[in-house]
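**Q** Handing you a structure now.
The values are calculated or read from the model by the stated rules, or taken from the named source; none is laboratory data. Computed from a predicted model, the values in this text were never measured in an experiment. Reconstructed Cβ throughout: ideal geometry from the backbone, glycine too, with neighbour counts over all protein chains shown.
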Amino acid sequence: MKGSSMTTNTLEPLDPLIHVPARLRILVTLAALNEGDTLSFTRLQNMLDLTPGNLITHLRKLEDAGYIKSEKTWDGNGLATSVTLTIRGRAALEAYTEALRNLLGGLTP
Amino acid sequence: MTVIDDTNQAASAGEGADLDPREAAKILDQAKRQARRQFDPHPPLAVVVGAAGVFLFGYGAVWWSMHDQVVYSGPAGWSLVVLYGLIAVSAIAGSVASRGATAGVSGRARRQRQVQGAAFAAAGIGAWVIQGALRYRGVSFEIVYGVYGPTVPLIALAAVAAGINAVREEWLQLSVCIGIIAVASVSTFFGPLGAWGLTGLGCCLVLLAYAAALMVRQRRA
């Protein structure tokens, strides 16, 4: 995180991997599904209105961190990619939400 | 993932930007609301349309066609056309909404829905088979079609839904199912007119209350 030392200290508890608008929206969207459910790449892209390349980049980062898991399946027309939130990813999002809540509670308006 | 042409451009998009925590909280909240709305297979509006259509107008039409009968002679044909037409429209609308909400979603929840569909089908078919058996055994039209018809199949379907919601610990939905079972059961004491009229009106009110509670919960979430 860039910025003043105060800003750096303030944002320290926030997971930098999640603290990016697109990745935050990806995790929140996947977290709205029931545990163990997967979402197709196409539906996720439509919901978030991201370009395929942009979405792939963010998904790779989240997958490298173990927050999501992607799998390719044959759907009759070709290979389809679907993604699911891992237990680690759900826990990370919960921790991020809690940290954000604490942070905003401490911030003066 | 087959499209990778703008990956490099995207790699830096939004990365390392100083996202304000307040802005992050706003994004989180908006994304949560949007996801819940888009994944919801039973949006409140659809519930209201279903309630008003099937119970108020469908059951109401059957009740209206019989309300001045001194001796039971059954509902008018037009009222049954209205009832089954509304049931068909409601089922199609519900199916379209559910398919839209679950498009691209697979996994355990999808398999659960298929199993639940089988449970509902078994309950409904079982109730209707018993209805046929009652008539076959000589039970009067008044009981078989006037009292049993509008209530028992509904109770059977609501009981399956109650079981599913009890397992999921969905207390609001469980309350709705119990409310429908209670209304339909009590209405049988009042003969064919009560069974159609009270079940229609009571279930409509229960479902409207459910839709209102859902909307309040969505706004609070």
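**Q** From the residues in region B:142-161 that are crowded, with 19+ Cβ neighbours inside 10 Å and in contact with a Cys (Cβ under 8 Å, 6 or more places away or on another chain), which one is nearest to B:Leu193 (Cα to Cα)?
**A** B:Leu154
**Q** I'm trying to understand the selection: among the residues of region B:49-68, which are of a type outside the set (Asp, Glu) and without any contact (Cβ under 8 Å) to a residue 24 or more places away in the chain? Don't jump to the end; show me each part of the working.
**A** Our first condition is that a residue be of a type outside the set (Asp, Glu); within region B:49-68, this holds for B:49-67.
Selection gives B:Ala61, B:Trp64, B:Ser65.
**Q** Identify the single condition in (1) more than 23 Å from B:Tyr84 (Cβ to Cβ); (2) in a helix (DSSP H, G or I) that B:Leu154 does not satisfy, given that it satisfies every other one.
**A** (1)
**Q** Can you go through A:Thr29, A:Thr38 and tell me which one is under 20 Å from B:Arg99 (Cα atoms) and at pLDDT 95 or above? Let's see the steps before the verdict.
**A** Values: A:Thr38 fails: at pLDDT 95 or above.
Unique residue meeting the criteria: A:Thr29.
**Q** Going residue by residue through region B:82-100, is there one that turns out to be more than 21 Å from B:Gly53 (Cα to Cα), surrounded by 15 or more Cβ atoms within 10 Å (Cβ to Cβ), out of contact with any His (no Cβ under 9 Å at 6 or more places or on another chain) and touching a residue at least 40 places away in the same chain (Cβ under 8 Å)?
**A** No; the residues of region B:82-100 include none that is more than 21 Å from B:Gly53 (Cα to Cα), surrounded by 15 or more Cβ atoms within 10 Å (Cβ to Cβ), out of contact with any His (no Cβ under 9 Å at 6 or more places or on another chain) and touching a residue at least 40 places away in the same chain (Cβ under 8 Å).
**Q** Restricting attention to region B:1-29, which residues are more than 7 Å from every other protein chain (Cβ to nearest Cβ) and either within 17 Å of A:Leu44 (Cα to Cα) or modelled with pLDDT of 75 or more (or both)?
**A** B:Thr2, B:Asp20, B:Glu23, B:Lys26, B:Asp29
**Q** Please pick out the residue among B:Arg22, B:Arg33, B:Arg111 that is surrounded by fewer than 17 Cβ atoms within 10 Å (Cβ to Cβ), among the basic types (Lys, Arg) and more than 30 Å from B:Arg220 (Cβ to Cβ).
**A** Of the residues listed, the single one that is surrounded by fewer than 17 Cβ atoms within 10 Å (Cβ to Cβ), among the basic types (Lys, Arg) and more than 30 Å from B:Arg220 (Cβ to Cβ) is B:Arg111.
**Q** Further question on the same structure: Can you pull out every residue in region A:76-97 that is surrounded by fewer than 13 Cβ atoms within 10 Å (Cβ to Cβ) and more than 19 Å from A:Leu14 (Cβ to Cβ)?
**A** Of everything in region A:76-97, those that are surrounded by fewer than 13 Cβ atoms within 10 Å (Cβ to Cβ) and more than 19 Å from A:Leu14 (Cβ to Cβ) turn out to be A:Gly76, A:Asn77, A:Gly78, A:Leu79, A:Ile87.
**Q** Is one or more of the residues making up region B:30-46 more than 14 Å from chain A (Cβ to nearest Cβ) and hydrophobic (A, V, I, L, M, F, W, C)?
**A** Step one: list which residues in region B:30-46 are more than 14 Å from chain A (Cβ to nearest Cβ), which gives B:42-46.
Now drop any that are not hydrophobic (A, V, I, L, M, F, W, C), which leaves B:45-46.
Yes, there is a match, as at least one residue in region B:30-46 is more than 14 Å from chain A (Cβ to nearest Cβ) and hydrophobic (A, V, I, L, M, F, W, C).
**Q** Looking at B:Leu208, B:Leu172, can you tell me which residue is surrounded by fewer than 19 Cβ atoms within 10 Å (Cβ to Cβ), assigned to a helix (DSSP H, G or I), in contact with a Phe, Trp or Tyr (Cβ under 8 Å, 6 or more places away or on another chain) and in contact (Cβ under 8 Å) with a residue 24 or more places away in the chain? Can you show your working first?
**A** On the way: B:Leu208 fails: in contact with a Phe, Trp or Tyr (Cβ under 8 Å, 6 or more places away or on another chain).
None of the others qualify; the one that does is B:Leu172.
**Q** Quickly run through region B:130-141 and pick out the residues that are assigned to a helix (DSSP H, G or I) and surrounded by fewer than 10 Cβ atoms within 10 Å (Cβ to Cβ).
**A** Step one: of region B:130-141, the residues assigned to a helix (DSSP H, G or I) are B:130-136, B:141.
If the condition is that a residue be assigned to a helix (DSSP H, G or I) and surrounded by fewer than 10 Cβ atoms within 10 Å (Cβ to Cβ), then B:Tyr136 is the only one that fits.
The rows are residues; the columns are (1) at the interface with chain B (Cβ under 8 Å from one of its Cβ atoms); (2) farther than 22 Å from B:Lys32 by Cα; (3) loosely packed, with under 15 Cβ neighbours inside 10 Å.
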site: A:Leu44; (1), (2), (3): yes, no, no
site: A:Asn54; (1), (2), (3): yes, no, no
site: A:Leu59; (1), (2), (3): yes, no, no
site: A:Leu62; (1), (2), (3): no, no, no
site: A:Trp74; (1), (2), (3): no, yes, yes
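**Q** Pick out the one residue from A:Leu39, A:Leu48, A:Leu62, A:Leu79 that is under 18 Å from B:Arg108 (Cα atoms) and of a type outside the set (Asp, Glu).
**A** Working: A:Leu48 fails: under 18 Å from B:Arg108 (Cα atoms); A:Leu62 fails: under 18 Å from B:Arg108 (Cα atoms); A:Leu79 fails: under 18 Å from B:Arg108 (Cα atoms).
Just one listed residue meets the conditions, A:Leu39.
**Q** On the basis of being buried (at least 17 other Cβ atoms within 10 Å of the Cβ), within 24 Å of B:Arg36 (Cα to Cα) and either free of Cβ contacts under 8 Å to residues at least 60 places away in the same chain or facing chain B (nearest Cβ under 8 Å) (or both), does A:Leu100 make the cut?
**A** So A:Leu100 passes the test.
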